[in-house]
Amino acid sequence: MNIADYLRAIRGPVLLTALGILMMVDHAGRFDFGQSWPVLVVLYGVLVLAERLAQPRIAPPGGPSAPPPPSTPAPWGGPQS
């Protein structure tokens, strides 16, 4: 399991915990949930960004500057593409 898989696995529990904390703060009267819900959006974005940065880099097949495949002649002797 690499780090990207780990971040994907904890994304839901982290967001659910943050939602619970925001609702607890709302119930305590400190902040209204209508003012604090953008924290969930920002937290989700940070987790997705961290997950994408942690994904392993895979080189494309044939290397970065592979030549195009050779074209085959048309069977009827028409124009080649």
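Scanning region 1-20 for residues that are β-branched (Val, Ile, Thr) and open to solvent by 90 Å² or more (accessible area, probe 1.4 Å) turns up just one, Ile3. Of all the listed residues (Val25, Val42, Val48), the sole one being modelled with pLDDT of 95 or more and either in contact with a helix residue (DSSP H, G or I) (Cβ under 8 Å, 6 or more places away or on another chain) or among the hydrophobic types (A, V, I, L, M, F, W, C) (or both) is Val42.
The values are calculated or read from the model by the stated rules, or taken from the named source; none is laboratory data. For clarity, every value in this text was computed on a predicted model and none was experimentally measured. For neighbour counting, all protein chains shown are included, and Cβ atoms are generated from backbone atoms with ideal geometry for every residue, glycine included. The protein model used for the area step is the full one, side chains on, heavy atoms only, and it has no ligands, DNA or RNA in it. Shrake-Rupley method; radii C 1.70, N 1.55, O 1.52, S 1.80 Å.
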